[in-house]
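One structure is given here, and the rest of the page talks about it.
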Amino acid sequence: MTHVLLIGNGAREHAIAEAIRRSRWNPRLYSFMKTNNPGIASLSEKVRLGRYDEPEAIAAFARETGVAFAVVGPEDPLSHGAVDALATSGIPAVGPTRSLARLETSKSFTRNLLEKYGIPGNPRFRNFHSSDGIEAFFDELDGIVLKPDGLTGGKGVLVQGDHFRTREEALDLCRDILKSHPGVTVEEKLEGEEFSLQCLCDGRTVVATPPVQDHKRRFVDDRGPNTGGMGSYSAADHLLPFLDAAAVAEGLAITRKVAEAIHRETGVPYKGVMYGGFMSTRSGVKLIEYNARFGDPEAMNILPLLRTDFIDICRAIIDGQLDRLDIVFEKKATVCKYVVPKDYGLPEDHPEAASTSSRIEIGEVREAQLYYSSIDQRPDGLYMTSSRAIGVVGIADNLAEAERIAERAVSAIRGPVDHRPDIGTEPLLRKRVQHMKILKAESI
Ligand code: AMP
Ligand code: GLY
């Protein structure tokens, strides 16, 4: 029997919990959560509610429950040193130490790492700690992207055309950012199609999982504000309709080099997930950012397809033996759609932004998998909070069927909810393929 600690309370962690519980090692799951997730709680032996910025509380729970190792879901506990505190108690973890988690928490650390070690994939960029020289650098770029240094939950990036128009506005924004952050990275705006490549790393060996495309924008046709992610899909051939094997290999090659570079740079092997957010552009695959964890929603696309025992994978990551394991994913397509409160992503002063918790009811769902996120179980039923509520995943032989399964399940969830009906549909996929074709044609 294996005792495992899971840290995190979202739908991503619900999917991780399920992968752990499917193991042949008869695992007992112990979960440390910021707020109670009834989906994870139902799979757990014991739950502890606590804060992610208190690594000592996490380590204490791990000691109390006698877990063999921990799996860290979100970035918050990583950035606050949960893995370091666990290591001090002799408990290994799937997840990087605080210093290694800079791969996600510091945009400038990662850009500099790629540059220092001659790894391809960086757009043109410069880090600034004051506004000196920013204007001159703007003149070298066709389009501008601004990234505050530090964790921003994927919502702190400002893109020219989406969030601001002129260089003057960009300069004002940089000055604002520098008031509240130690630095800002200014980079070239890339054009292309984004994909997520979640890789497993034991410090030496890097293994890719099937690529996924997330949809960050709140509304249909990629309109509206950026969110944590409204849904995602993956294809049965483990490529994407707009992405060939060579492009996936490019993303993996970059990640392998980064794993080696971060080891040399810090002297510590990276054990956990290296999730590269890449963009396929007319001039090859470029790196948007790394995350030090699985994606949410992207974990829900790949973990249900995993045929290799997840606990074996965790152990191999911890022991540096991933090269000995054959990691297999079922050749199926997946479509994940997040059911969110109607007012999710709207500014607080928006007329429709109610932001009170509302009750939802889940009718009969036969085929799809449901992963709970911000869901509160009360005596009279399930309530949403103000964030993404339920990840609904359809799995089938092809994307069209996976999408239909997801849609059918979404329509069984009743209440003041919303989702993106376009995710995984043929017209949207065609648009992505067309976009890529046009970019490639322009580059010839
Ligand atoms: P991030 O938090 O780095 O994932 O950025 C959020 C979103 O901003 C990404 O998913 C991209 O859509 C966009 N973005 C970030 N960096 C760039 C870039 N250099 N060029 C174009 N878009 C970008
Ligand atoms: N899907 C975006 C993220 O997990 O950061």
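The charge dipole of the chain, taken about its Cα centre with unit charges on the Cβ of Lys, Arg, Asp and Glu (plus for the first two, minus for the last two), comes to roughly 800 debye. On the beta carbon distance between V433 and D162, with R0 = 22 Å, the FRET formula returns roughly 0.45.
Put simply, when 206-214, 429-437 are sorted by average Cβ atoms within 10 angstrom per residue, most first, you get 206-214, 429-437. Between the amide H of R124 and those of E188, distances stay under 5 Å, these residues lying 5 or more places away or on another chain, with hydrogens modeled in the peptide plane.
Working note: Karplus 6.51/-1.76/1.60 with θ = phi - 60° gives segment 5-15 the couplings 9, 10, 10, x, 9, x, 5, 4, 6, 4, 5 Hz, where Gly and Pro are set to x. Amide H to amide H distances under 5 Å link G231 with H215, Y338, where only residues 5 or more positions off or on other chains count and H is placed in the peptide plane.
Using only the Cα atoms of the chain, build the gyration tensor, take square roots of its eigenvalues as a ≥ b ≥ c, and label the shape rounded, prolate or oblate: rounded if a/c is under 1.5, else prolate if a/b is larger than b/c, else oblate. Rounded, since a/c falls under 1.5. In a fully extended conformation the segment linking V220 and N398 would gain 61.9 nm over its present Cα-Cα distance, using 0.36 nm per residue.
Which residues among segment 288-330 fall inside the zone where the amide N is under 13 Å from a point 7 Å beyond the Cα of H129, along Cα→Cβ? Of the residues in segment 288-330, none has backbone N under 13 Å from the label point off H129.
The string of couplings for segment 83-88 from the Karplus curve (6.51, -1.76, 1.60, θ = phi - 60°) is 5, 5, 5, 5, 4, 4 Hz, one whole number per residue in order, with x for Gly and Pro.
Peptides 187-200, 106-119 ranked from most to least packed give 187-200, 106-119, packing being the mean of other C-beta atoms within 10 angstrom over each peptide's residues.
Of the peptides 296-309, 262-275, the ranking by mean beta-carbon count within 10 Å, highest at the top, reads 296-309, 262-275. Between R51 and R282, the C-beta separation translates, for a Förster distance of 35 Å, into a calculated FRET efficiency of about 0.20. Spin-label model, R414 to E361: label points 7 Å out along the Cα-to-beta-carbon direction sit 0.4 nm apart.
In the chain, a dipole from Cβ-located charges (positive for Lys and Arg, negative for Asp and Glu) runs towards its positive end, and of A299, Y275, I313 it is I313 whose Cα lies farthest in that direction. Comparing R98, R366, R217 in a Gaussian network model of the chain where C-alpha atoms under 10 Å apart are linked, the largest mean-square fluctuation is found at R366. Distant-in-sequence amide contacts of I413, defined by a placed amide H-H separation under 5 Å and a gap of 5 or more residues or a different chain, comprise G363. Using θ = phi - 60° in the Karplus curve 6.51 cos²θ - 1.76 cosθ + 1.60, the 3J(HN,Hα) couplings for segment 241-250 round to x, 9, 10, 9, 4, 5, 5, 4, 4, 4 Hz; x is entered for Gly and Pro.
Each reported figure results from applying straightforward, stated rules to the coordinates on display, with no laboratory input. Computed from a prediction, not measured in an experiment: that's the story for all the values here. Counting neighbours? That spans all protein chains shown, and the Cβs are built from the backbone with ideal geometry, glycine included.
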